[in-house]
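Peer 1: Shown below is the structure under consideration.
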Amino acid sequence: MYFFNSGNLLIYAVFFLGAGVVFFFKGFKRLSEKRLIQDTPTSTVRGIALGLVELSGTAHEIKTIKSPISGRECVFFRCTVERYENSGRYGGKWVEIDGRSSDESPFYLDDGTGKIKIFPRGAEIIMPVRYQYQTGLGIPPDNISVFMKNSGLSSNEMFGNNSLRFKEWYIIPHENVCILGTAEQKNCLPEEQEEKLDKGIENIKKEVDPQKEAIWMAEVGLNKNGMGSKDVLKTEQKTSNEPMPDTQNDATELIIGKGDGNQTFVISDEIQSQMVKSMTWQSFAEVFGGALLSLASLAYILYELHIGINF
Amino acid sequence: MIITIIVGAVILFVGVGVLIYFVTIYNGLIVVSRNVDKAWANIDVLLKQRHDEIPKLIGACEGYMKYERETLERITSARTACMQATTVGESSRAEGSLAASLKTLFAVAENYPDLKADQNFMQLQQRISYLESQIADRREFYNDSTNTYNIRIKEIPDVFVANMMHMQPKELFKATEEDKKDVDVKFTFPQ
């Protein structure tokens, strides 16, 4: 078969050689992450100090949100839609075509000594896929049909070789979570003020003027924090019927987030010992697996080149 | 030729692997060591806040507790001892003594209804009690950090790197005998 001719295999071997080296280094990175998790003792919310902290407790919603695919009530979700794309006659791969998350919606973590806001933007989520569905010849369930309709995904794509795969991860209220992140001060409005602000934003977004909404959305996107800027709010205040909260009265609050720079930020539904155990195996597999893959690929490349030279 | 290159690649992987592993251990040990220092500094911040509240508390009590001079003086001298402490052991003993004196003061205050009703005293009592709980949590965190550090520097393979870095075990924040005692309440006011 064409797939198994030596030219093709040589290309694959070069690819695997590179992939092996990447896995090898990734394994060490995971190992150092594992050590960091292992060596950071769990703090209490009451005794928390600024900097890298590990917390364990139950998740509680600030605002009730619904996961977009399964429609489950949750405090946090992430979902992806992948399409299977053929690469000629010799296989294919899953390509992500849509990804959403509630990264901008904070939630509370309560450990019995107090509660603290978690801002999940940029967090690595360590938990199994909670909902998965792959389209095929059968009729998709209602939630998938609705999601596809809302997302503008054509039902024609379900058939043939372009099947879609939907994956969702979420944290439900009162679920146990373990978090390794950075405790930092953040300017936050008091809860009731924030609620009022949200309602105001909703009202503004309900306005028929699509241009205004576009400006708003661009602003929210630029801020990268899910909150409208004070300047935009002031402009909108003049046109909105709803009285807006005074954003000058915001106070700093201790929150958990990714922090400045490339800090470790992990949210998991597993307890620390389970997380460490699975990371140990992963790092072991990546380091040794990566090295073996590279060596085997190198051996094959050299063998092929040797034969080529002899010819 | 092929075998030589493969053997060379194996040696390269092993060499790079050992080097990265050494760096991982070294950095890990630095992290745990700094964690202990940071945990101690975080306790210190709260201890200082508590020390700042004590003169205000004594000021609020003095007017009402004329016959409890001994209790108030004990708190003042315990506070001074805390501020002079330099090592974890000294600080642990002095803080234990101060916490016990404060417990006694709050227990004795129960017998002074006017003092108990004083808004200023109530606020200070709440603030100091909250600080006490925070200090207790951070002490526990400090001990966890120290314990992790002490285990790490004795574990294989970390012990080899720790010995090269001359790392020594660190002291835990222990509860003093005074901490464990029940509150000793003596009423000295005249019958």
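The values are calculated or read from the model by the stated rules, or taken from the named source; none is laboratory data. Fair warning: this is a prediction, and the values are worked out from it, not measured in the lab. Here the Cβ positions follow ideal geometry from the backbone for every residue, glycine too, while neighbour counts run over all protein chains shown. With ligands, DNA and RNA removed, areas are computed over all heavy atoms of the protein, side chains included. Shrake-Rupley method; radii C 1.70, N 1.55, O 1.52, S 1.80 Å.
Peer 1: Rank B:M122, A:M279, B:M167, B:M1 by accessible area, highest first, at a 1.4 Å probe radius? List each step's numbers first, then the result.
Peer 2: Working: B:M122 70, A:M279 5, B:M167 30, B:M1 165 Å².
Result, largest first: B:M1, B:M122, B:M167, A:M279.
Peer 1: I would also like to ask the following. Modelled label-to-label distance, B:V16 and A:K26, 7 Å Cα→beta-carbon offset: nm?
Peer 2: Distance between the two pseudo-spin positions: 1.5 nm.
Peer 1: May I pose another question? Label B:F160 and A:S151 with points 7 Å out from Cα along Cα→Cβ: what is the distance between them in nm?
Peer 2: 5.0 nm
Peer 1: Along Cα→Cβ, 7 Å out, is where each label goes; now give me the distance between the ones at A:I125 and A:D98 in nm to one decimal.
Peer 2: In this crude spin-label approximation the distance works out to 1.5 nm.
Peer 1: What GluC sites (Glu not before Pro) does region B:1-75 have in DSSP loop regions with at most 11 other beta carbons within 10 Å?
Peer 2: none
Peer 1: Shielding by partners for A:43-54, please: the mean number of other protein chain Cβ atoms within 10 Å of each residue's Cβ. Could you put the intermediate results ahead of the total?
Peer 2: Working: counts 7, 7, 1, 6, 13, 5, 11, 3, 3, 3, 1, 1.
Average neighbour count from other chains, rounded to a whole number: 5.
Peer 1: Counting only protein chains, not ligands or nucleic acids, how are A:T280, A:T135 ordered by accessible area (probe 1.4 Å), most first?
Peer 2: Numbers: A:T280 55, A:T135 5 Å².
Ranking A:T280, A:T135 by accessible area, largest first, yields A:T280, A:T135.
Peer 1: Could you report the accessible area of A:S273 in Å², rounded to 10, computed with a 1.4 Å probe on the protein chains as they sit in the structure?
Peer 2: 70 Å²
Peer 1: Could I ask something else about it? Can you give me the solvent accessible area of B:V31 with a 1.4 Å probe, rounded to the nearest 10 Å²?
Peer 2: 50 Å²
Peer 1: Please report the accessible area of A:S154 (heavy atoms, 1.4 Å probe, ligands and nucleic acids excluded) in Å², nearest 10.
Peer 2: Spelled out: A:S154, probe radius 1.4 Å, area about 50 Å².
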